[in-house]
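As structure tokens, the structure follows; a few thoughts come after it.
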Amino acid sequence: QVQLKESGGGLVQAGGSLRLSCASSGRTFSSNRMGWFRQAPGKERESVSSIPWSTGNIYYADSVKGRFTISRDDAKRTVYLQMNSLKPEDTAVYYCAATGTSNTYIYWGQGTQVTVSS
């Protein structure tokens with residue numbers, strides 16, 4: 001199947017930047033789309049951004065549009081999330097996820113903590 005591993009989280013001041021990485025392995029040819037989600041304590045999980053491996057549109061949540069950029073390295077089967085102009089409300093555990101051949105996310109990483117101080 002598909003295995004996912006996030007990295008790059010940490011502590012940053014408001015206005016700073018972080019880049020998250022999601023390395024995938026296994027049967028990645030069976031995955032159509034990769035996405036980033038986040039969840040803060042007491043909040044429900046939120047879709048942040050997603051990108052197709054081949055055809056389709058890139059998606060950004062309104063709350064991060066213009067600040068975050070999703071990208072991919074096809075050879076490394078790795079997806080990145082460049083986060084600029086970070087705000088305290090961006091503080092959350094960020095999860096990498098992948099769909100199968102459908103549009104449903106069925107593979108998930110363990111998450112990486114992002115903390116933005118004011």
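Miscellaneous remarks
- In a simple Cβ point-charge model (Lys, Arg +1; Asp, Glu -1; nothing else charged), the chain has a dipole of about 200 debye relative to its Cα centre.
- Positive contributions from Lys and Arg (+1) and negative ones from Asp and Glu (-1), summed over other residues with Cβ under 15 Å from the Cβ of GLU46, come out at +2.
- Residues LEU81, LEU18 ordered from highest to lowest accessible area at a 1.4 Å probe: LEU18, LEU81.
- Relative contact order of the range 37-118: 24 percent, from C-alpha pairs under 8 Å at least 6 residues apart in sequence.
- Debye intensity ratio in log₁₀ form over the Cα atoms of the range 64-114, taken at each q of 0.21 Å⁻¹: -0.96
- Across the range 2-17, coupling constants 3J(HN,Hα) worked out from phi with the 6.51/-1.76/1.60 Karplus curve, θ = phi - 60°, read 10, 10, 10, 9, 8, 7, x, x, x, 9, 9, 6, 3, x, x, 9 Hz, and Gly and Pro carry x.
- Residues in the chain average 53 Å² of solvent-accessible surface per residue, probe 1.4 Å, ligands and nucleic acids excluded.
- Within the chain, the percentage of alpha carbon pairs spaced more than 17 angstrom apart rounds to 50%.
- Counting heavy atoms of the protein chains alone, GLU6 has an accessible area of about 10 Å² for a 1.4 Å probe.
- Per the Debye calculation on the range 1-49 with a single equal scatterer at every Cα and no solvent contribution, log₁₀ I(q)/I(0) for q = 0.16, 0.24, 0.25 Å⁻¹ amounts to -0.63, -1.08, -1.11.
The values are calculated or read from the model by the stated rules, or taken from the named source; none is laboratory data. Everything numeric in this text was worked out from a predicted model, so none of it was measured. Using ideal geometry, Cβ is built from the backbone for each residue, glycine included, and neighbour counts are taken over all protein chains shown. Accessible surface areas use protein heavy atoms only, side chains included; no ligands, DNA or RNA. Shrake-Rupley method; radii C 1.70, N 1.55, O 1.52, S 1.80 Å.
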